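Contents: one structure, followed by commentary.
The values are calculated or read from the model by the stated rules, or taken from the named source; none is laboratory data. Values in this document were obtained by computation on a predicted structure and should not be read as measured data. Because the Cβ atoms are built from the backbone with ideal geometry, glycine has one as well, and the counts that use them run over all protein chains shown. Calculation scope for accessible area: heavy atoms of the full protein, side chains included, ligands and nucleic acids excluded. Shrake-Rupley method; radii C 1.70, N 1.55, O 1.52, S 1.80 Å.
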Amino acid sequence: MTTPLPSETGRVVRFTMIGLLAFSVLQVCWWLVDQSHYAAGTTNMVRALYSADLMAARRLQVAGVPADEISGYFPHVVPDTEGRLMIAPAATDQLEADRGAHVTQYTWESGFFLLVLAGSIGVLWRGLREEREVRRQQDNFLALVSHQFKTPLASLRLSAETLVKRQPPPDYTRQLSKRMIEDVVRLERMVTKILDSARLERGRVEFQKTRFDLADTAAQIVAQLEETARERGVKLINRLTTPIEIDADSIAVDTVLRNLLENAIAASAENKGEVTLSAAPVADGIAVTVSDTGVGFVPSDARRLFEKFHRLDTGDRQSHGGTGLGLFIVARIMHFEKGRAEAYSGGPGQGATFTVTWPVTTGAAHP
Amino acid sequence: MSDQVPRILLVEDDLPLARGMAENLRAETYTVDIVHDGQTGLERASAGDYDMLVLDVMLPRLSGLELCASLRQQGVNTPVLFLTARGDPHDKVRGLEAGGDDYLTKPFNLDEFLLRVRAILRRWEWYRASVASASALNFGGNQVDFRSFRARAWDGREHELTEKEVMILKVLAERPGEVIGRDDLLERVWGQEVYPSTRTIDNFILRLRKLFEREQQTPKHFITVRGVGYRFDSEGTAS
């Protein structure tokens, strides 16, 4: 979302550059061919001159001019063993050597330029591909975010219009009003998530460490998410009930746990599964684990899950109602907290386990 | 359906929205079943006797478009109203190509939603009643079965017809020899609000000519009345 879209003009410039580079490659190839022809032509021309010189030298020889004098006029004409004049083999060899050197020089220079040009094209091509990928991700993001926003908006509007159209009894009015508030809260959470991810991506965050009880935070979040889980047929189990003191930013911890639990609930809704929250001290800190019996993922995707918009790549049918930002936010927060976030799954349909580890804990008690 | 309360299957993964829609449909006296994912929706729609389906496009497990396409492949022709957050024309066309009857973009107006549901049910009701009175059409060596959506053409070839094709045939066959305007056809088969252009009808007529006319260039059954619409001649005596 934060990567700027290249402008239309930028794209035109890049395509023009590639066109020019392609033209340059052809031009260089043409130069090479042209210079080969030129060198061959020059050699042939000099050979013709040498032949003319040989004829002239032979006439001088017939006219009785001494061989030494003739050699002075035509250094490249020499007598053979029988005294007949001929073009010196060394001169012919030199001509060939010159031609070869000329062609070789142009071949190397052209090769170098072609290499530079090919490298430049490669760099530009890669840039264009990356740009296309960014554009695709952004299109997907917009499509999904628009879906995620418009659905609660549709529900909100429907409830409001139902109130106006039906003039329902007090009980139903209260029910509709409650639904409207829930829709507003859903929208608010999504806006917060998008803003959080943008801030975290730019590093514009300040974490303030305080000491607090992780179990208290967990209990609050679980209580808030219980109804959502129940509605989606998911059993939410909290095993993080024993007090564990932690030195961390309380808002960050809240955000991480909430995102992990929401993600797990969404992934388990299809098969009406279970989501379990637990924690345990580990060698380098305290590890909080959210495991679910949901849709799982391909094990090789474990890292990519924490990338922005990853969920979007899995297509419509695995859209569980997220923006593709939740796990990205978790990973970024854990990065700033100098902790780590890990994901594990045996494969699609086999559930998943997400573990976040905070590096600094004090007074840990076993949960 | 005519003597019973229409049954609607609503496939929407957003629980509050699904509840809101179902409550309003029930208030209009329809019977409504709700499911929250595409796969279950497909199973219910294939097995159940529904008069109409309301499908969200973006569903877990199986998208609404895939669900609709699967149903059509199975020969289930229950009319479909698509709901989607995407409003661009391309998505609309995709929905209609998948066999959808109408398309509503979220967030929608409640009255408009109910109106569209009513319109689709009315068109379907008309089609069913019409088929009950005349379930087959024979013209120029062609035979069309309005119940199975199958046809045998004059050259012996068998064709599977789409819901829209049989509905157009039905409208035309009801009034043989009469000129039927494009707008009239649109209203009867789709409802005016769905397609932006009456050119759509022209494309369907071209397809029907391809299937049933001996010479497409000089049609004898599906006659164009320039600037107005079409006339159906079951005898094929038009020149």
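Could you pull out the residue among B:Leu186, B:Leu208 that is modelled with pLDDT of 85 or more, outside the structural domain of B:Glu125 (by TED's automatic domain parsing) and open to solvent by less than 10 Å² (accessible area, probe 1.4 Å)?
B:Leu208
Looking at B:Arg19, B:Arg123 in this structure, which one is on the phi < 0 side of the Ramachandran plot and either touching a Gly at 6+ places or on another chain (Cβ under 8 Å) or aliphatic (A, V, I, L, M) (or both)?
Every option except B:Arg123 fails the conditions.
Does A:Ala143 count as more than 28 Å from A:Ile251 (Cβ to Cβ), modelled with pLDDT of 95 or more and assigned to a helix (DSSP H, G or I)?
It is false that A:Ala143 is more than 28 Å from A:Ile251 (Cβ to Cβ), modelled with pLDDT of 95 or more and assigned to a helix (DSSP H, G or I).
Just give me the residues in region B:47-63 being touching a residue at least 24 places away in the same chain (Cβ under 8 Å) and either within 14 Å of chain A (Cβ to nearest Cβ) or open to solvent by 40 Å² or more (accessible area, probe 1.4 Å) (or both), in sequence order.
Once the filter is applied, which keeps residues that are touching a residue at least 24 places away in the same chain (Cβ under 8 Å) and either within 14 Å of chain A (Cβ to nearest Cβ) or open to solvent by 40 Å² or more (accessible area, probe 1.4 Å) (or both), region B:47-63 yields B:Asp49, B:Val54, B:Leu55, B:Asp56, B:Val57, B:Met58, B:Leu59, B:Pro60, B:Arg61, B:Leu62, B:Ser63.
List the number of the failed condition for B:Arg44; all other conditions in (1) within 13 Å of another protein chain (Cβ to nearest Cβ); (2) open to solvent by 30 Å² or more (accessible area, probe 1.4 Å); (3) among the charged types (D, E, K, R) hold.
Failed condition: (1).
Does A:Ser110 satisfy the condition of being in contact with a helix residue (DSSP H, G or I) (Cβ under 6 Å, 6 or more places away or on another chain), part of a helix (DSSP H, G or I) and either among the β-branched types (Val, Ile, Thr) or in contact (Cβ under 8 Å) with a residue 60 or more places away in the chain (or both)?
So A:Ser110 passes the test.
Only one of (1) touching a Pro at 6+ places or on another chain (Cβ under 8 Å); (2) under 26 Å from A:Ser146 (Cα atoms); (3) in the same structural domain as A:Ala280 (by TED's automatic domain parsing) fails for A:Arg239. Which number is that?
(2)
Check A:Val185, A:Val191 and return the single one that is among the aliphatic types (A, V, I, L, M), free of Cβ contacts under 8 Å to residues at least 60 places away in the same chain and away from every other protein chain (no Cβ under 12 Å).
That would be A:Val191, the only listed residue that is among the aliphatic types (A, V, I, L, M), free of Cβ contacts under 8 Å to residues at least 60 places away in the same chain and away from every other protein chain (no Cβ under 12 Å).
Mind listing just one residue for me: the one in region A:164-177 that is part of a helix (DSSP H, G or I) and within 10 Å of chain B (Cβ to nearest Cβ) and, of those, least open to solvent (accessible area, probe 1.4 Å)?
So, considering only residues that are part of a helix (DSSP H, G or I) and within 10 Å of chain B (Cβ to nearest Cβ), the one least open to solvent (accessible area, probe 1.4 Å) is A:Leu176.
Mind checking which residues of region A:170-207 are modelled with pLDDT under 80 and over 30 Å from the mean Cα position of the chain (by Cα)?
none
Suppose we keep only residues that are free of Cβ contacts under 8 Å to residues at least 40 places away in the same chain and of a type in the set (Ser, Thr, Tyr) within region B:30-41. Which one would you say is least open to solvent (accessible area, probe 1.4 Å)?
By that ranking, first place goes to B:Thr40.
Between a first residue in region B:9-29 that is within 14 Å of B:Leu81 (Cβ to Cβ) and a second residue that is among the aromatic types (Phe, Trp, Tyr), which pairs have beta carbons less than 7 Å apart while being 6 or more apart in sequence or on different chains?
B:Leu9/B:Tyr50
For a quick check of your reading of the model, give me the residue pairs whose first member lies in region B:99-110 and is in contact (Cβ under 8 Å) with a residue 12 or more places away in the chain and at the interface with chain A (Cβ under 7 Å from one of its Cβ atoms), whose second is open to solvent by 10 Å² or more (accessible area, probe 1.4 Å) and among the acidic types (Asp, Glu), with beta-carbon atoms closer than 6 Å and at least 6 apart or on different chains.
Between residues of region B:99-110 that are in contact (Cβ under 8 Å) with a residue 12 or more places away in the chain and at the interface with chain A (Cβ under 7 Å from one of its Cβ atoms) and residues that are open to solvent by 10 Å² or more (accessible area, probe 1.4 Å) and among the acidic types (Asp, Glu), the close pairs are B:Leu110/A:Glu161.
List every residue pair whose Cβ atoms lie under 7 Å apart, where the two residues are 6 or more positions apart in sequence or sit on different chains, the first residue falls within region A:85-103 and is more than 11 Å from A:Ala40 (Cα to Cα) and assigned by TED's automatic domain parsing to the domain that holds A:Glu69, and the second residue, located anywhere, is open to solvent by 40 Å² or more (accessible area, probe 1.4 Å) and outside any helix (DSSP H, G or I).
Final answer for the pair search is A:Leu85/A:Pro79; A:Met86/A:Val78; A:Met86/A:Asp80; A:Ala88/A:Val78.
For region A:208-280, give me every one of the strands (runs of 3 or more DSSP E) that falls completely inside it and has 2 or more residues that are modelled with pLDDT under 90 and open to solvent by 10 Å² or more (accessible area, probe 1.4 Å).
Fully inside region A:208-280 and qualifying: A:209-213, A:245-249.
Looking only at residues in region B:64-77 that are more than 14 Å from every other protein chain (Cβ to nearest Cβ) and in contact (Cβ under 8 Å) with a residue 40 or more places away in the chain, which one is least open to solvent (accessible area, probe 1.4 Å)?
So the residue we want is B:Asn77.
Cβ-Cβ distance below 6 Å, separation of 6 or more or different chains: which pairs start in region B:170-183 with a residue that is assigned by TED's automatic domain parsing to the domain that holds B:Val228 and end on one that is of a type in the set (D, E, K, R) and surrounded by 13 or more Cβ atoms within 10 Å (Cβ to Cβ)?
Partner pairs satisfying both residue conditions: B:Val171/B:Arg188; B:Val179/B:Arg231.
Scan A:Glu96, A:Glu131, A:Glu109 and give me the residue that is under 30 Å from the mean Cα position of the chain (by Cα) and either away from chain B (no Cβ under 14 Å) or open to solvent by 70 Å² or more (accessible area, probe 1.4 Å) (or both).
So the residue among A:Glu96, A:Glu131, A:Glu109 that is under 30 Å from the mean Cα position of the chain (by Cα) and either away from chain B (no Cβ under 14 Å) or open to solvent by 70 Å² or more (accessible area, probe 1.4 Å) (or both) is A:Glu131.
Restrict the check to region A:149-161 and report whether at least one residue is away from chain B (no Cβ under 11 Å) and open to solvent by 50 Å² or more (accessible area, probe 1.4 Å).
no
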